[in-house]
1. Of all the residues that make up the range 10-37, how many are more than 21 Å from residue 99 (Cβ to Cβ) and either of a type in the set (S, T, N, Q) or touching a Leu at 6+ places or on another chain (Cβ under 9 Å) (or both)?
2. Can you tell which of 105, 55, 60, 8 is of a type in the set (Ser, Thr, Tyr), touching a helix residue (DSSP H, G or I) at 6+ places or on another chain (Cβ under 8 Å) and either more than 26 Å from residue 141 (Cα to Cα) or not in a helix (DSSP H, G or I) (or both)?
3. Taking the criterion of being touching a Phe, Trp or Tyr at 6+ places or on another chain (Cβ under 6 Å), assigned to a helix (DSSP H, G or I) and either without any contact (Cβ under 8 Å) to a residue 60 or more places away in the chain or closer than 27 Å to residue 140 by Cα (or both), would at least one residue in the range 71-85 satisfy it?
4. Among the residues of the range 71-80, are any of a type outside the set (Ser, Thr, Tyr), closer than 30 Å to residue 3 by Cβ and either under 19 Å from the mean Cα position of the chain (by Cα) or modelled with pLDDT of 90 or more (or both)?
5. Filter the range 20-52 down to the residues that are among the small types (Gly, Ala, Ser) and either crowded, with 19+ Cβ neighbours inside 10 Å or outside any helix (DSSP H, G or I) (or both) and list them by number.
6. Yes or no: residue 95 in a helix (DSSP H, G or I), in contact with a Phe, Trp or Tyr (Cβ under 6 Å, 6 or more places away or on another chain) and under 30 Å from residue 4 (Cα atoms)?
7. Please list, ordered by first then second residue, the pairs with beta carbon atoms under 7 Å, 6 or more apart or interchain, first in the range 1-29 and farther than 13 Å from residue 56 by Cβ and without any contact (Cβ under 8 Å) to a residue 60 or more places away in the chain, second in a helix (DSSP H, G or I) and small (Gly, Ala, Ser).
Amino acid sequence: MKENKFRSALTGIILGVIFGNLYYGWPVKLLITGTIPSDGLFLPEGVNSYILQISMKWGSLVGAVIGFLGGRAISIKMPRGHMAKAISCTTFLVCVPLAFIMYGSQLLLMPAGRITILFVYIFFLFLMTIPMGSLFGFIEKIRE
């Protein structure tokens with residue numbers, strides 16, 4: 001089967017942007033909102049749009065680079081889903097520490113219970129990287 005490198009790179013970029021937004025946006029949301037007192041059910045105005053903006057900026061950028069490199073490196077002869085799983089795991093290993101590097105100072109202001117919830121959440125997010133990669137494996141059909 002002949003491989004089209006442009007389609008492979010495009011598929012990798014799409015997967016990288018999706019996983020970059022997920023794996024960067026979720027920890028950042030918990031880090032930023034961990035310092036806000038929980039008076040009610042909703043966050044103050046502008047917090048969600050700010051989190052979405054920085055997630056689209058940093059998560060998408062890092063994910064697109066990882067996806068481009070992964071799309072170019074992983075052969076089309078591999079079964080469908082392997083590229084998505086590899087990009088998912090690599091994006092997790094890069095984006096979560098990046099979120100802690102950029103917003104880790106919020107941990108000093110968070111109560112211990114919220115810090116515990118954050119790390120338990122990150123652990124379960126780690127356990128879900130391969131299933132989420134296989135969930136988005138259908139996007140690899142673009143390569144064929």
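1. So the answer is 2.
2. Answer to the selection: 55.
3. Looking for residues that are touching a Phe, Trp or Tyr at 6+ places or on another chain (Cβ under 6 Å), assigned to a helix (DSSP H, G or I) and either without any contact (Cβ under 8 Å) to a residue 60 or more places away in the chain or closer than 27 Å to residue 140 by Cα (or both), one finds at least one in the range 71-85, hence yes.
4. Looking for residues that are of a type outside the set (Ser, Thr, Tyr), closer than 30 Å to residue 3 by Cβ and either under 19 Å from the mean Cα position of the chain (by Cα) or modelled with pLDDT of 90 or more (or both), one finds at least one in the range 71-80, hence yes.
5. Taking the range 20-52 first, the residues among the small types (Gly, Ala, Ser) are 20, 25, 34, 38, 40, 46, 49.
Answer for the range 20-52, where residues must be among the small types (Gly, Ala, Ser) and either crowded, with 19+ Cβ neighbours inside 10 Å or outside any helix (DSSP H, G or I) (or both): 20, 25, 34, 38, 40, 46.
6. Criteria met by residue 95.
7. Cβ pairs passing all conditions: 13/64; 13/67; 13/71.
For (1) among the small types (Gly, Ala, Ser); (2) within 19 Å of residue 22 (Cβ to Cβ), each residue gets a yes or a no:
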{"residue": "73", "(1), (2)": "yes, no"}
{"residue": "86", "(1), (2)": "yes, yes"}
{"residue": "93", "(1), (2)": "no, yes"}
{"residue": "97", "(1), (2)": "no, yes"}
{"residue": "120", "(1), (2)": "no, yes"}
{"residue": "131", "(1), (2)": "no, yes"}
{"residue": "134", "(1), (2)": "yes, yes"}
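The values are calculated or read from the model by the stated rules, or taken from the named source; none is laboratory data. Keep in mind it's a predicted model, so treat the numbers as computed, not measured. Note that we place each Cβ from the backbone using ideal geometry, even for glycine, and neighbour counts take in every protein chain shown.
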